[in-house]
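Reading through the structure tokens given below for one structure.
The values are calculated or read from the model by the stated rules, or taken from the named source; none is laboratory data. None of these values were measured; they are calculated from a predicted model. So basically every Cβ, Gly included, is an ideal-geometry build from the backbone, and we count neighbours across all protein chains shown.
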Amino acid sequence: MKKLVAVLILGLLTLVGCAERRNSASSGGAAATGHATGAKAESIDRLNDSAQVLKELTNAPDNGIPNEVLAKAKCVAVVPSMIKGGFVFGGQHGRGVATCRTNNGWSAPAFFTMTGGSWGAQIGAEAVDVVMLVMNDQGMKDLLSSKFKLGAAASVAAGPVGREATANTDLSMKSGILTYSRARGLFAGLDLNGAVVQQDDESQDAFYGKDVTFGRVLQGGVSTPADAQPFLASVRESFHEARHQDAAERP
């Protein structure tokens, strides 16, 4: 029975892929222009969704991301609605956006994809919001490389939340990247070990209208477009308030 379901799913995906290729081939040059426009619109939607996710995860009253963690983070990467699911072989895929601290404030956003697999018997799919905080120089170096694997080049761990922060923050800070995930409004564990993070060339080119590298954007070498301001405003608000409160709470 399981084999039959797997074959049916594979056949359906194959038919969808063929239909998409036929539509693409029949549209010609006009489709290419429309695709670029659609890619930019998707990038803007991703920025706005990421701003909302970050705001909600940092403002959760009892189990949000601790101010001490936010205050020390060097970069933040958000994946709104990462898809996790599958039949027998699980999979994870999402498209996100990242920004890093620079001497002049937060960098313009860089677009990336995150894809990973897991092993185990599981059926169904679930959308999960993910926030990743880069906590040290090694983690930042990995992020700037445009492609790396979590848990290999970059050490990754689930970040402390709420009142657990006092006991767990020192241990967690040793990880290059701390992760936070939320499903259906509640914090949820998500194993990102083995997931590959790499530059989303399609979204990057569409948003900036030119070829710019992941590292150049995150190091502050690209001006911030107006469409990115709501996302960066959310980052500045969350991280500025965290630094201010963290400093006030220190003896």
Checklist line | The lone exception for residue 87 - which of (1) within 27 Å of residue 40 (Cα to Cα); (2) of a type in the set (Phe, Trp, Tyr); (3) at pLDDT below 85 it fails | finding: (1)
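If you check residue 232 against the conditions, is it part of a helix (DSSP H, G or I), of a type in the set (A, V, I, L, M, F, W, C) and at pLDDT below 65?
Working: part of a helix (DSSP H, G or I): yes; of a type in the set (A, V, I, L, M, F, W, C): yes; at pLDDT below 65: no.
Considered against the rule, which asks whether it is part of a helix (DSSP H, G or I), of a type in the set (A, V, I, L, M, F, W, C) and at pLDDT below 65, residue 232 comes out as no.
Output yes when any residue across segment 65-74 is modelled with pLDDT of 90 or more, within 27 Å of the chain's Cα centre (by Cα), surrounded by 13 or more Cβ atoms within 10 Å (Cβ to Cβ) and not in a helix (DSSP H, G or I), and no when none is.
Within segment 65-74, the first condition is being modelled with pLDDT of 90 or more, and the residues that meet it are 73-74.
Subset that is within 27 Å of the chain's Cα centre (by Cα): 73-74.
So of that shortlist, the ones also surrounded by 13 or more Cβ atoms within 10 Å (Cβ to Cβ) come out as 73-74.
Remaining after also requiring not in a helix (DSSP H, G or I): 73-74.
Within segment 65-74, one or more residues are modelled with pLDDT of 90 or more, within 27 Å of the chain's Cα centre (by Cα), surrounded by 13 or more Cβ atoms within 10 Å (Cβ to Cβ) and not in a helix (DSSP H, G or I).
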Margin query: Return the residues of segment 157-188 that are within 15 Å of the chain's Cα centre (by Cα) and either at pLDDT below 75 or over 16 Å from residue 70 (Cα atoms) (or both); say none if nothing qualifies.
Written below: 182, 183
Notebook entry, point to check: Among the residues of segment 203-225, is any among the aliphatic types (A, V, I, L, M), modelled with pLDDT under 90 and over 18 Å from residue 116 (Cα atoms)?
Noted result: no
